[in-house]
Amino acid sequence: MGRRAQQLAERLEQGAANLAKFAETLSDAEWRMKIPKDGRPVGVIVHHVGNMYPLEIQLAQGLAAGKPVVGVTWDAVAEVNAKHAKEHADVKKPEALEFLRRNSKAAAEAVRAFSDEQLDSAAPVSLNADAPLTAQFFLEDHAVRHSFHHLAKIRTTVGR
């Protein structure tokens, strides 16, 4: 395991742990509050972060192998998110937190397996106008950043 992969994995774990720790403090009313401009309830968002780790890691692994990300668009992301929100509209806090913890642990373990050469590998990413992005950038912009991004929105929504 390289130092860079270890650091990325630790940041991913930190973000997921921060999200889980904050989510544990939410009241039932806060858990059901809808995120402004997004419309999904806070609890669905917590579950969503855990739900996306496997896909985010899979796409980064493809980039690490020199394979482009093809067919992933913001419309496709919105579709996946809407389907997830519908299927998990009533997700309970213990279930969502366990799911987040389990999937973030697996994601961090997968990140630790990346070599420096794999992290530096770049290929076109359809989500980013086919810009050639490195696997490291993709990991940082998706799997690592995701929990931090949503935690900030949740904090704003619940006012703390």
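Taking the chain as a Gaussian network, where each spring joins two C-alpha atoms under 10 Å apart, which residue of Lys105, Lys93, Lys37 fluctuates the most? In this elastic network of the chain, the residue with the biggest mean-square fluctuation among Lys105, Lys93, Lys37 is Lys37.
For the pair the stretch 27-100 and the stretch 108-160, the centres of their Cα atoms are 14 angstrom apart.
Solvent-free Debye calculation, one equal scatterer per alpha-carbon of the stretch 73-160: log10 I(q)/I(0) at 0.14, 0.15, 0.20, 0.21 Å⁻¹ equals -0.70, -0.80, -1.23, -1.27. Checking the cross-link pairs Lys37/Lys153; Lys83/Lys153; Lys34/Lys86; Lys34/Lys105; Lys21/Lys93 against a 18 Å limit on the alpha carbon distance flags Lys83/Lys153; Lys34/Lys105 as lying beyond it. Springs between Cα atoms under 10 Å define the GNM used for the chain, and in it the highest mean-square fluctuation of Gly43, Gly62, Gly71 occurs at Gly71. Counting only residues at least eight positions apart within a chain, or on another chain, the aspartates and glutamates with an alpha carbon under 15 Å from that of Lys67 are Glu56, Glu117, Asp120, Asp130.
Read-outs throughout are calculated quantities, based only on the coordinates presented, and are distinct from any laboratory measurement. Fair warning: this is a prediction, and the values are worked out from it, not measured in the lab.
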